[in-house]
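Asker: Structure provided below as structure tokens; questions to follow.
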Amino acid sequence: MSQNTFQYVLDRSECHYAARSVIRTSPPSNSSATLEEHLERSFPSFRAAFTACLADEADGYVLELPGWAGESLGRLEETTVAVFDWYGARSVPRRAAVSPQDVTDPSHWFRWGAHRAFVLCFAPCFGEDHARYGFGRPETFVMFQHERAFHRRHPQQIPAAVRQAVRRTFDEAGRGYEYDIGAVPTYE
């Protein structure tokens with residue numbers, strides 16, 4: 001994927017941090033490739049992005065998939081579970097399988113080795129009144145925002161005032177902040 005594909009979504013997002021985020025990206029999606037083919041092809045860039053996050057050179061990673069991967073909320077849940085399980089099987093230590101309840105739980109963090117990431121999906125199944133709207137992009141995006149991105153800006157905890165400001169901005173844009181296929185970061 002070219003940086004500009006997901007940057008288009010970031011530039012239009014109501015999130016206060018989106019425009020400042022450094023998000024590494026996967027190779028472009030191919031609608032005729034399988035999900036596993038996308039994951040195989042993206043794995044080197046996924047690993048490199050998480051390494052860059054540890055060095056404070058990136059805030060996260062976006063996996064670009066064809067629109068069919070998020071054509072409905074049910075399909076997006078299946079895709080997200082499959083993505084988590086595929087990456088988790090290549091984690092050291094190996095990560096246990098996840099369930100649909102895990103990926104829709106607002107307190108869920110994706111874990112890969114020693115890494116934790118807050119995951120958001122932007123997909124064709126979300127309309128323009130939804131916080132996960134992709135602004136007309138035909139792709140499905142699975143964004144892994146590394147926990148270090150939050151710690152770097154807010155070492156103790158994300159202040160309640162910041163959370164409220166983000167939600168207010170989404171509300172004002174007519175896209176109330178919703179938690180569908182995306183966690184709300186909390187520190188353990």
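The values are calculated or read from the model by the stated rules, or taken from the named source; none is laboratory data. Keep in mind the model is a prediction, meaning the values are calculated, not measured. Neighbour counts run over all protein chains shown; Cβ positions are idealised from the backbone, glycine included. The accessibility values were calculated without ligands, DNA or RNA, using every heavy atom of the protein model including side chains. Shrake-Rupley method; radii C 1.70, N 1.55, O 1.52, S 1.80 Å.
Asker: So Gly174 passes all but one of these: (1) at pLDDT below 70; (2) on the phi < 0 side of the Ramachandran plot; (3) in a loop (DSSP other than H, G, I, E, B); (4) open to solvent by less than 50 Å² (accessible area, probe 1.4 Å). Which condition number does it fail?
Answerer: (2)
Asker: Out of all the residues in the range 42-51, is one or more part of a helix (DSSP H, G or I) and within 30 Å of Arg168 (Cβ to Cβ)? Spell out the reasoning first.
Answerer: To start, the set of residues in the range 42-51 that are part of a helix (DSSP H, G or I) comprises 42-51.
Add one more test, that the residue is within 30 Å of Arg168 (Cβ to Cβ), and what stays is none.
Within the range 42-51, not a single residue is part of a helix (DSSP H, G or I) and within 30 Å of Arg168 (Cβ to Cβ).
Asker: Look at Glu14 and say whether it is at pLDDT below 90, under 18 Å from Tyr133 (Cβ atoms) and touching a helix residue (DSSP H, G or I) at 6+ places or on another chain (Cβ under 7 Å). Working first, answer last.
Answerer: Numbers: at pLDDT below 90: yes; under 18 Å from Tyr133 (Cβ atoms): yes; touching a helix residue (DSSP H, G or I) at 6+ places or on another chain (Cβ under 7 Å): yes.
The answer is yes for Glu14.
Asker: Restricting attention to the range 65-114, report how many residues are aliphatic (A, V, I, L, M) and either surrounded by fewer than 17 Cβ atoms within 10 Å (Cβ to Cβ) or at pLDDT below 80 (or both).
Answerer: 9
Asker: Continuing with the same structure: For the range 18-41, give me each residue that is assigned to a loop (DSSP other than H, G, I, E, B), out of contact with any helix residue (DSSP H, G or I) (no Cβ under 7 Å at 6 or more places or on another chain) and at pLDDT below 90.
Answerer: Val22
Asker: OK, next. What are the residues in the range 14-55 that are within 19 Å of Arg153 (Cα to Cα) and buried (at least 20 other Cβ atoms within 10 Å of the Cβ), if any?
Answerer: Those that are within 19 Å of Arg153 (Cα to Cα) and buried (at least 20 other Cβ atoms within 10 Å of the Cβ): Ile23, Arg24, Ala49, Phe50, Cys53.
Asker: Which ranges mark the helices (runs of 4 or more DSSP H) fully within the range 52-163 that have 3 or more residues being farther than 23 Å from Val22 by Cα?
Answerer: 73-88, 100-104
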